[in-house]
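Asks: Have a look at this one.
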Amino acid sequence: EMFCLQKPKMLQLLEKSLRNSLPESLKVYGTIFHMNQGNPFNLKALVDTWPDFNTVVVRPQKQEMTDDFDHYTNTYLIYSKDLKNCQECLDTSDVINWKQHLQIQSSQSSLDEVIQSLAPAKFIRVKRAQRILYMMPQSAKKLVPFLPETKNLRPGSGRPKTINQEMFKLSSLELTHAALVNKFWNFGGNERSQRFIERCIQTFPTVCLLGPEGTPVSWALMDHTGELRMAGTVPEYRGHGLISYITYSYVQLLENLGYPIYNHTDNKFIHKMSHTLHHILMPCAWNQWNCVPL
């Protein structure tokens, strides 16, 4: 059986320990960081042993996971130092409810072996998405200073081009903007994803640019794992450098709050933007496994 870390001291110790395994532990580290900031998504962290753990799984409390089809809520974040141990934990414990539609996220690509090998026994179909992972400059300097790319970061470098501030006003997202964000989110576009976006808007700082009509034309939003996700620009305002401006503004806001910030992409344009803004390319990838019961 896996052991649930209840005490704040334990979670702080876990955060510290995961920090030593960065960048491979990034997805779980970012989540535990926010659990230690008040745990707004009501998550719990489970380990195989304590204090010397091999495998950590973060998941919502059972009472959060009432909709069997809501894989946005039914999300598990995993990091393991020992894949054999990880496979045993996931196979023999009831940490994961395989009867639900769920997703597993990790910055450890080697978990693919574990998840694929469990699939037949757990009667699930698995679809994997893998993306390039970036960490924001100040976060990288603080958390992964050993990466060569962090060495030549100069303060104040990597700024975006200025935008027309008469035309576009910096603001924050309202709950009523969730439908718009949902419409342009690659992983969204449905009722359940909209509920997830609403929860993120209610919980975390957000930024957007309001266009001449007074509605958002570009925005950025982070999720419960500390990842910058769901950023977008409406088609008619693309090509004005708005997303670079909004990303830069948002990252500054979040890094000033001491948050570790990262994001993933498979979009050529976002790669180019990340390069301009001096985001640091991670040696590991972003992974998501969508699991559907057969």
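The values are calculated or read from the model by the stated rules, or taken from the named source; none is laboratory data. Values in this document were obtained by computation on a predicted structure and should not be read as measured data. A quick note on method: Cβ atoms are made from the backbone with ideal geometry, for glycine too, and the neighbour counts reach across all protein chains shown. To get the accessible areas, we keep the full protein, side chains included, count just its heavy atoms, and leave off ligands, DNA and RNA. Shrake-Rupley method; radii C 1.70, N 1.55, O 1.52, S 1.80 Å.
Asks: Looking at L90, L14, L5, L22, which is the one that is open to solvent by less than 20 Å² (accessible area, probe 1.4 Å) and touching a residue at least 60 places away in the same chain (Cβ under 8 Å)?
Replies: Working: L90 fails: touching a residue at least 60 places away in the same chain (Cβ under 8 Å); L14 fails: touching a residue at least 60 places away in the same chain (Cβ under 8 Å); L5 fails: touching a residue at least 60 places away in the same chain (Cβ under 8 Å).
When all the criteria are applied, what remains is L22.
Asks: Restricting to the stretch 46-73, what's the tally of residues that are under 21 Å from the mean Cα position of the chain (by Cα) and within 18 Å of T203 (Cβ to Cβ)?
Replies: Qualifying residue count, the stretch 46-73: 9.
Asks: Tell me, please, whether a residue that is modelled with pLDDT of 95 or more, within 26 Å of H240 (Cα to Cα), loosely packed, with under 12 Cβ neighbours inside 10 Å and not acidic (D, E) can be found in the stretch 184-199.
Replies: No, there is no match, as no residue in the stretch 184-199 is modelled with pLDDT of 95 or more, within 26 Å of H240 (Cα to Cα), loosely packed, with under 12 Cβ neighbours inside 10 Å and not acidic (D, E).
Asks: Looking at this structure, is E227 in the same structural domain as I243 (by the TED database), over 23 Å from D266 (Cβ atoms) and either open to solvent by less than 10 Å² (accessible area, probe 1.4 Å) or of a type in the set (D, E) (or both)? Steps first, please.
Replies: Working: in the same structural domain as I243 (by the TED database): yes; over 23 Å from D266 (Cβ atoms): no; either open to solvent by less than 10 Å² (accessible area, probe 1.4 Å) or of a type in the set (D, E) (or both): yes.
Considered against the rule, which asks whether it is in the same structural domain as I243 (by the TED database), over 23 Å from D266 (Cβ atoms) and either open to solvent by less than 10 Å² (accessible area, probe 1.4 Å) or of a type in the set (D, E) (or both), E227 comes out as no.
Asks: Give just the number: which of (1) surrounded by fewer than 21 Cβ atoms within 10 Å (Cβ to Cβ); (2) under 19 Å from C4 (Cα atoms) does I96 not satisfy?
Replies: (1)
Asks: Turning to a different aspect of this structure: What's the total number of residues in the stretch 103-136 that are open to solvent by less than 20 Å² (accessible area, probe 1.4 Å), in contact with a helix residue (DSSP H, G or I) (Cβ under 9 Å, 6 or more places away or on another chain) and in a helix (DSSP H, G or I)?
Replies: The total comes to 4.
Asks: Kindly list the number of the only condition in (1) farther than 29 Å from R128 by Cβ; (2) part of a loop (DSSP other than H, G, I, E, B); (3) more than 17 Å from the chain's Cα centre (by Cα) that fails for G189.
Replies: Of (1) farther than 29 Å from R128 by Cβ; (2) part of a loop (DSSP other than H, G, I, E, B); (3) more than 17 Å from the chain's Cα centre (by Cα), only one is false for G189: (1).
Asks: Is it the case, given these coordinates, that S157 is modelled with pLDDT under 95 and in a loop (DSSP other than H, G, I, E, B)?
Replies: On the way: modelled with pLDDT under 95: yes; in a loop (DSSP other than H, G, I, E, B): yes.
Spelling it out, S157 is indeed modelled with pLDDT under 95 and in a loop (DSSP other than H, G, I, E, B).
Asks: Now a separate question. With the checklist (1) buried (at least 19 other Cβ atoms within 10 Å of the Cβ); (2) touching a residue at least 60 places away in the same chain (Cβ under 8 Å); (3) acidic (D, E) in hand, flag the one item E255 doesn't pass.
Replies: (1)
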